[in-house]
Amino acid sequence: MGLQPKNVLITGANRGLGLELVKQFLRLPSPPKTLLATCRSPENAKDLNDLASKHSNVKILKLDVTKPADSGESTTKLAGYLAKEGLNLLINNAGIAYKKQFLGNLEKQTLIEQFDVNIFGPILVSQALLPYIKQAAKSSTYTSLNCNRAAIVNMSSILGSIAENQSGGLYPYRTSKAALNMLTKNMNVDLKSEGILCFCMHPGWVQTDMGGPNAAVVKETSIAGILDVMSKMNGETSDIFIDYSGQSVPW
């Protein structure tokens, strides 16, 4: 089964992995009818605005993931786009990592800010959009769990894996992603009976502003792999922490 969700929303879509997700969704054989690309400052998202000017299905919305209930005009627009068919696929992609990541230079405020975006954001955005995702699950012609029917995908990291941690450090990023993994597991348990698939992805160490120029994987390869994984995930899949190559990542 190919990946062909009708309505998709991506957070943090103005750059890096989020922007590449938008680009590759547009290149699918059956691109989304509505591709909602969100970011905090749409007026500064030149590349995203260029895409939207060329593709009428790309709708840019202003969204601070830490305050989804305060989105004002965007909330009204969102309702207009999703009122009839709901939201088939939510990708919680927005994330941050500050430089102060080690014992000795940690500060309470920067810890809070990273948790705010990396874990509280996905919780609050998923909660705010859940009525639309449930609507899509109920109205879909698909009967099994898959990303075309209704799904929440959380962009995690192998750095959030407790089993794989052999190097320590990166305290706020590791712990916030570990919390995101638990959030994903909870959602998977709670929403499966509603027809909603939930899983998290490790995109690899990617050459983005966050990953840096020496990272091992280019964003085009990472996102191509992620979309391939999305096309294959279903309710029979026991592993719900997957990397971009389709391999299971231990909790």
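Applying a threshold of 6 Å to beta carbon distances and a minimum spacing of six or more residues, or different chains, the list of pairs starting in the stretch 218-235 at a residue that is under 20 Å from Ser144 (Cα atoms) and ending at one that is in a helix (DSSP H, G or I) and open to solvent by 60 Å² or more (accessible area, probe 1.4 Å) is empty. In the condition set (1) assigned to a helix (DSSP H, G or I); (2) open to solvent by 60 Å² or more (accessible area, probe 1.4 Å); (3) more than 23 Å from Lys33 (Cα to Cα), Leu183 is compliant with all but (2).
Screening the stretch 20-92 for strands (runs of 3 or more DSSP E) wholly inside it with 2 or more residues that are open to solvent by 20 Å² or more (accessible area, probe 1.4 Å) returns the ranges 58-62.
For the criterion of being out of contact with any Asp or Glu (no Cβ under 7 Å at 6 or more places or on another chain), hydrophobic (A, V, I, L, M, F, W, C) and within 17 Å of Pro131 (Cα to Cα), Ala83 passes.
Given the structure, is Lys177 under 15 Å from the mean Cα position of the chain (by Cα), closer than 16 Å to Asn93 by Cα and open to solvent by 30 Å² or more (accessible area, probe 1.4 Å)? Considered against the rule, which asks whether it is under 15 Å from the mean Cα position of the chain (by Cα), closer than 16 Å to Asn93 by Cα and open to solvent by 30 Å² or more (accessible area, probe 1.4 Å), Lys177 comes out as no. Residues in the stretch 127-143 that are among the polar types (S, T, N, Q) and open to solvent by 60 Å² or more (accessible area, probe 1.4 Å): Gln127, Ser139, Thr141, Thr143. Quick one: in the stretch 192-251, which of the residues that are surrounded by 15 or more Cβ atoms within 10 Å (Cβ to Cβ) and of a type in the set (D, E, K, R) is farthest from Lys138 (Cα to Cα)? Looking at residues that are surrounded by 15 or more Cβ atoms within 10 Å (Cβ to Cβ) and of a type in the set (D, E, K, R), I get Lys219.
Pairing residues of the stretch 137-155 that are without any contact (Cβ under 8 Å) to a residue 12 or more places away in the chain with residues that are open to solvent by less than 30 Å² (accessible area, probe 1.4 Å) and not small (Gly, Ala, Ser), at Cβ distances under 9 Å and at least 6 apart in sequence or on separate chains, gives Tyr142/Asn148.
The values are calculated or read from the model by the stated rules, or taken from the named source; none is laboratory data. Quantities reported herein were computed from a predicted structural model and do not represent experimental measurements. Note that we place each Cβ from the backbone using ideal geometry, even for glycine, and neighbour counts take in every protein chain shown. Note: accessible area is taken over every heavy atom of the protein model, side chains too, but ligands, DNA and RNA are not part of it. Shrake-Rupley method; radii C 1.70, N 1.55, O 1.52, S 1.80 Å.
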